[in-house]
1. Being in a helix (DSSP H, G or I), among the acidic types (D, E) and farther than 15 Å from Q332 by Cα is the requirement here; does E419 meet it?
2. Taking the stretch 292-306 as the search range and keeping residues that are surrounded by fewer than 21 Cβ atoms within 10 Å (Cβ to Cβ) and not aliphatic (A, V, I, L, M), which one is farthest from F109 (Cα to Cα)?
3. Can you give me the number of residues within the stretch 179-237 that are assigned to a helix (DSSP H, G or I), of a type in the set (A, V, I, L, M, F, W, C), out of contact with any Pro (no Cβ under 7 Å at 6 or more places or on another chain) and closer than 19 Å to V249 by Cα?
4. Hey, can you tell me all the residues within the stretch 36-76 that are among the small types (G, A, S) and either within 23 Å of the chain's Cα centre (by Cα) or in the same structural domain as V297 (by TED's automatic domain parsing) (or both)?
5. What number of residues within the stretch 361-403 satisfy the criterion of being farther than 30 Å from G50 by Cβ and either among the aromatic types (F, W, Y) or free of Cβ contacts under 8 Å to residues at least 12 places away in the same chain (or both)?
6. Would you mind finding the one in V141, V112 that is in contact (Cβ under 8 Å) with a residue 24 or more places away in the chain, outside the structural domain of D319 (by TED's automatic domain parsing) and of a type in the set (A, V, I, L, M, F, W, C)?
Amino acid sequence: MNYEKLARQIIQEVGGKENINSVIHCVTRLRFKLKDQSLAKTEVIKELPGVMTVVISGGQYQVVIGDQVPNVYAEVSKLIGKETAEDTDETVEEGGLFSKFVALMSGIFMPVMGVLAAAGILKGFLVALTVLGWISEEMGVYKILFAASDAFFYFMPILLGFSAGKTFKTNQYTTAVIGATLVYPTMLEIYNAGEALTFLQIPVVLMNYTQSVIPIILAAFITAKFEKLLLKAIPKSLQLIFVPLIILVIIVPLSFIVIGPISVYASELLAKGAMALYSLSPAVTGLILAGIWQIAVIFGLHWAFIPIFINNITTLGFDPINALLYCTVFAQTGAALAIALRTKETKMKTLSATATLSGFLGITEPAIYGVNLPLKRPFIMGCIGGGAGGAIAGFFSGKMYGGFASGGVFGIPMFINPEGANSEFYGFAVSLIVALGVAFILTYLFGYSQKMQLNQDQKKSA
């Protein structure tokens, strides 16, 4: 793939550099914020060699590239300028309230998703190795690797503070310091000791903010609004020092006295609400959610659920929702595998085989956009397989422990109970096999034919 050529073509077809407010990238997509989306030639972009498809969601114009997206992004950055590529320009989000919320969560969590998933997978492997008796918690190798895996979650307010600060267009170092204050060792010691604390005679309700999500996001949002007022009121010559100084003096106490406690209580209510829905019928919940999950992923709506997953881990110590949805990756992979074995067309066989490998590693975009969705039926069969797997995971009450796993075989150990593998985990493992098997069998028998492939090729050539 010629990355520079593809980057130039994409920039040209989205309306040129002057139509781009900003662009960032995730694991597989270039995410543009365009001044006028009507100028983008979507159908032309879809047909560019190296582009899988285009998704318009959450105020973003998303060009799906696949695992080569960092290389294409690097060339796009050179051509349009680093500041625009780093998403520093002021942009106005389009769409309704939910679309704005999804875009917001995407902006906050996308930059940390790679290390978030890596930390979760490492923690899961440590649990698996401990359960198998290959290592013990007293060994140096365990302690060092556990520190590496747990540090992200323990200091999450700092990392999300930085990310949220950038998303809310405020000084991300200031919001990172606010996050660091929430997990400052002295404050944790006072909390653990059960000591009383006041601020100007105002009682402070101390809580443990390690691994928390909502408090720092709200604090960063308020900081962004407050900073705008300060920049208008304080002369430019004094802004460098006095703006962050006043923010720290005001926002940090406010975070401990008001924002933090309210956020923690809200987090607990959110977790209880999610569990209440889940407890009505875990199997039915799994059938429905897993059946439609990959549709939500297509439109980028899955970002709205990530805070719920992490919040459940923080408040409950486990998350059952992601356990229901995890099998959907294997379902779409099973459908792509069936195409790889069924098709006689060389290009499709190569594409579906590559997509299958990516799917087992947790990246489903090549399978969805390159194989299943263009052929339509395989994607539907994948959704059916996902629903079947989700129902089984719900029936056995599968749970994700101690971190976050984004998909693929390497995240499976995240679902082992730290006390040892039990029926929950075995049922979860069965859900993956069922999702893969159902999608594979349905696609192999009913989801693909050479006639479908011929029709697809004719549409592309038309």
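The values are calculated or read from the model by the stated rules, or taken from the named source; none is laboratory data. Just so it is clear, the structure is predicted and the values come from calculations on it, not from any experiment. Every residue, glycine as well, gets a Cβ built from its backbone with ideal geometry; the counts of neighbours run over all protein chains shown.
1. Considered against the rule, which asks whether it is in a helix (DSSP H, G or I), among the acidic types (D, E) and farther than 15 Å from Q332 by Cα, E419 comes out as no.
2. F299
3. Residues in the stretch 179-237 being assigned to a helix (DSSP H, G or I), of a type in the set (A, V, I, L, M, F, W, C), out of contact with any Pro (no Cβ under 7 Å at 6 or more places or on another chain) and closer than 19 Å to V249 by Cα: 14 in total.
4. Once the filter is applied, which keeps residues that are among the small types (G, A, S) and either within 23 Å of the chain's Cα centre (by Cα) or in the same structural domain as V297 (by TED's automatic domain parsing) (or both), the stretch 36-76 yields S57, G58, G59, G66, A74.
5. Final tally of qualifying residues: 3.
6. V112
Each row is one residue, and each column tells you yes or no for (1) closer than 23 Å to S358 by Cα; (2) modelled with pLDDT under 90.
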site	(1), (2)
A40	no, no
E43	no, no
E47	yes, yes
V63	yes, no
G66	yes, yes
E75	no, no
T84	no, yes
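Matching residues to (1) out of contact with any Pro (no Cβ under 7 Å at 6 or more places or on another chain); (2) over 21 Å from L289 (Cα atoms); (3) crowded, with 24+ Cβ neighbours inside 10 Å:
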{"residue": "R377", "(1), (2), (3)": "yes, no, no"}
{"residue": "I380", "(1), (2), (3)": "yes, no, no"}
{"residue": "G389", "(1), (2), (3)": "yes, no, yes"}
{"residue": "S397", "(1), (2), (3)": "no, no, no"}
{"residue": "M414", "(1), (2), (3)": "yes, no, yes"}
{"residue": "G420", "(1), (2), (3)": "yes, yes, no"}
{"residue": "A429", "(1), (2), (3)": "yes, no, no"}
{"residue": "Y444", "(1), (2), (3)": "yes, yes, no"}
